[in-house]
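Some notes on the structure that comes next.
No lab work stands behind these numbers, since they all come straight from the coordinates. For clarity, every value in this text was computed on a predicted model and none was experimentally measured. Because the Cβ atoms are built from the backbone with ideal geometry, glycine has one as well, and the counts that use them run over all protein chains shown.
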Amino acid sequence: MNPNPVLEVNRKGKVLYCNPAALKQFPDIIKKGSAHPILKGFFNEQGKIENEVRIGDRWYYRPSYFVRGKDIKHIYCIDITDRKKAEEKLRDEHGYLQSLLNTAQTIMLILDTRGKIVDLNPYMEELSGYRLDEVKGKDWFDTFLPGHDHKRIRDLFKKAINNIQTRGNVNPILTKDGHEIYVEWHDKTLKDNNGRTIGLLATGQDVTERKKAEEQLRESEGRYRALVENASDQVFMFDEKYKIVSTNSAASMLSGKKPDEMIGKYISEIFSKETASKNIKNLEVVFKSGRNYYVEEELIIGANKLYVSTSLSPVKNSESKTTAVLGVVRDITKRKNAEEELRERERKLKTIFDVLPVGVSILDAKRKIIYVNPALERITGISMEGLFRGDHKSRKYLRPDGTPMPAEEYASARAVKEQRAIYNIETGVVKEDGSIIWTDVSAVPVKFPDWKVVIVTSDITKRRRSEEELQKSERYRMMGTFISGIAHEIRNPLVSVKGFFQLLNDRETSEKDKQEIAKLAVDEIKRVESLLDNLLNFAKPSKGESIDSDIHKLISDCIILVKHDASNQRIKIITQLDADPSQLRVDPKQVQQVFLNLSMNALDAMKNGGTLRISTSYLKDQNMISVTFRDTGCGIKQEYIPRLFEPFFTTKENGTGLGLSISQRIIENYKGKINIESKEGKGTSVHITLPAL
Ligand code: ADP
Ligand code: MG
């Protein structure tokens, strides 16, 4: 029996015939005629009509034919319900798939067999920053994968294409702006009707966050494990009843028990009474406050005194109630002992600094005083608070010669700049009342994080005063010796002036001669005047001021003073003054004193006559002027030479032994040098260099 309905109808829609299948499926077809849905609108049409009609829940394909010349039509109704349903389902599914593709927070990607991009979904567009039309047809691997992954993923792709499914493979893709996103992929091969592979559908999940979280977890897990396993820290977890819930093996150090023996026990069962009560007190704090608590305390464990730090943190339940406390106990005995030792040492050091008669101060990197000792207060006359405040900075500082000392010449500044110890910088400090304290300052750079330079200051005001006194007395002594020589210088012109006056009173003398004589007398008196000036000049104490001076003038002034004694001793003074330039900046009186010292020493050494040669030259490369006093005297014993500059070293019956030591101080104050060469029986040379102007 034909399962498909067959009908024969006329133009009016009357059903002339129907087969059993038609009757079965359309029971009212004969009665309804053309009003039946399968016949409706049928006759308006021409020729062969193919139509798909839905009747009830079934679909029919309705080819129909006019039987020629009879005005009758045959209709064959082929049930296509199954096909239709399949199609519909497909359509639905397609729509569903499409919307899925569009909205799913899942990467969907279709590649052809060569790996070219066929399709990708909006989520992938959003994630990658590429639009489909930008990448369609491009190679997936070149476009989306970081270089180092190309080969591995291409191999995976080949496997997938060959129907070996890959699932859960995670690999990064590169976004348009260069980020890496980690994607977990699930692949499925796409096939055509003949079962040939036509491409690959890959779905993927962005797992970047997860991956990061995993990494962090791994890291923190590792850290946690390292923390707990760290042998030196003892970890305990206590519940509200102060029972040990968990602990680590290091904890046995405190208790002498293994972790297994401690878990489940109360604090009081594990520790000594004293230790337990301390612990309970600390735990109470945390249970009550719900906050972290840190304490460092001393514990007696057996016969040992231990310092421990205990760090307690609350463990809270979902209602924020503290249900347990995690304690980490660390043995800090060594640290404590070291701290104690350090404090002890500091105390000792401080006592030493406190009683030291020299001033000690320490500056930090910003040149701020961070430590001073009492002696420095005494020396400077500024209180400790004042020094910390920087009161000393408003004072003026002087060089040894009395000129202002600029800040870059301070011992401390030089020590920091030159990174070496700077010793014995003589520094004058002008106090607020104008008086001067003379100090000797040494500074040593140090390399502690907060210390920069240590400064030691000693008060040499007294020493300097006595030196000044000595210089003065030495000068007076010298004056005594050459004043007798000068007396001749003065006497001679006075004798001639006396003679002139006699001549002036003589009537025999002509008016013309008188004029001549008067002129000569004035000249002689002028000579006396200048000699006296020179003498007075020398006798006057020095003002300590450096001025521009000509070394040749200083030498000739000196010669005037010793000339007479020299000629009395049959000593020739020869000068060779070649220095050019010959200007320097000194206190002329001080340098003159040096030259007189040297000249007198030379005269003393040539009791039987000889020659004193004084020569100068300019040392261009050093910009120094050199002066040499060379005599042909008795010379100096080799063994005495190292001692010559010692104060009070003398070989003379009525010597003071101060001349050379004073000379050295003066020359070195001007940053000059003095040294002596001598051969016994042959003579002595004294060389001096001084900075030229
Ligand atoms: P003083 O002249 O009072 O002895 P100085 O300090 O001037 O003190 O000299 C110290 C010593 O150096 C002298 O006593 C002498 O022995 C030696 N001296 C210095 N200059 C000479 C010299 N030109 N020739 C020989 N000896 C000298
Ligand atoms: Mg002398």
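Protection proxy ranking of 597-607, 497-507, 682-692, by the mean of other Cβ atoms within 10 Å over each peptide's residues and highest first, is 597-607, 682-692, 497-507. With contributions of -39500 (n - 2.57) from each DSSP H run of at least four residues, the per-residue ellipticity at 222 nm computed over the chain stands at -12500 deg cm²/dmol. Give the cross-link partners of Lys652 among the lysines, using a straight C-alpha distance below 17 Å as the criterion and excluding same-chain residues fewer than 8 apart. Filter leaves Lys607, Lys637. Cross-link reach is defined here as a Cα-Cα straight distance under 18 Å, omitting same-chain residues fewer than 8 places apart; for Lys281 the aspartates and glutamates meeting it are Asp239, Glu240, Glu269, Glu296, Glu297, Glu298.
When you filter the GluC sites (Glu not before Pro) in the stretch 384-475 for DSSP loop state and at most 15 other Cβ atoms inside 10 Å of their Cβ, you are left with Glu432. Each label was represented as a point 7 Å from its Cα along the Cα-to-Cβ direction; for Thr143 and Arg54 these points are 3.9 nm apart.
Put simply, the amide H of Val586, placed in the peptide plane, has neighbours under 5 Å in Ile547, Ser549, leaving out anything fewer than 5 places away on its chain. Sequence-ordered 3J(HN,Hα) estimates for the stretch 630-636 from the Karplus curve with 6.51, -1.76 and 1.60 and θ = phi - 60° stand at 10, 10, 10, x, 6, x, 10 Hz, glycine and proline given as x.
Once backbone amide H atoms are built at 1.01 Å from N, Val360 has Asn373, Ala375, Leu376, Thr457 as its partners under 5 Å, excluding neighbours fewer than 5 places away on the same chain. Shown in residue order for the stretch 246-254 are the 3J(HN,Hα) couplings computed by the Karplus curve 6.51 cos²θ - 1.76 cosθ + 1.60 at θ = phi - 60°: 8, 6, 10, 5, 5, 5, 5, 4, 6 Hz (x for Gly and Pro). Prolate is the label for the stretch 104-212, because the ratio a/c of its alpha-carbon gyration tensor axes (a ≥ b ≥ c) is 1.5 or higher and a/b is greater than b/c. Near Thr403, no amide H atom lies under 5 Å from its own; only residues 5 or more places off or on other chains count, and H is placed 1.01 Å from N.
When a/c is below 1.5 the answer is rounded, else prolate if a/b is larger than b/c, else oblate, so apply that to the stretch 356-456 with a ≥ b ≥ c taken from the square roots of the Cα gyration tensor eigenvalues. Taking the square roots of the gyration eigenvalues as a ≥ b ≥ c, the stretch 356-456 is oblate.
Among the listed pairs Lys393/Lys417; Lys620/Lys679; Lys116/Lys211; Lys138/Lys212, which have their C-alpha atoms separated by more than 25 angstrom in this model?
Lys620/Lys679; Lys116/Lys211; Lys138/Lys212
Count Lys and Arg as plus one, Asp and Glu as minus one, and take only other residues whose Cβ is under 13 Å from that of Val207; the net charge is then -3. Bridging of Lys258 to lysines at a Cα separation below 20 Å is possible for Lys243, Lys273, once same-chain residues fewer than 8 apart are set aside.
Stretching Lys288 away from Asn424 to a fully extended chain increases their span by 42.5 nm, per 0.36 nm per residue minus the current alpha-carbon distance. With a ≥ b ≥ c taken as the square roots of the eigenvalues of the C-alpha gyration tensor of the stretch 282-323, please select rounded if a/c is under 1.5 and otherwise prolate if a/b is larger than b/c or oblate if it is not? It comes out prolate by the Cα gyration axes.
Three semi-axes describe the equivalent ellipsoid of the chain; taken as square roots of 5 times the Cα gyration tensor eigenvalues and ordered largest first, they are 122, 44, 22 Å. Derived scalar couplings between HN and Hα for the stretch 577-590 equal 9, 9, 4, 8, x, 10, 8, 8, 10, 8, 7, x, 5, 5 Hz in order, rounded to whole Hz, by the Karplus curve 6.51 cos²θ - 1.76 cosθ + 1.60 (θ = phi - 60°), x for Gly and Pro.
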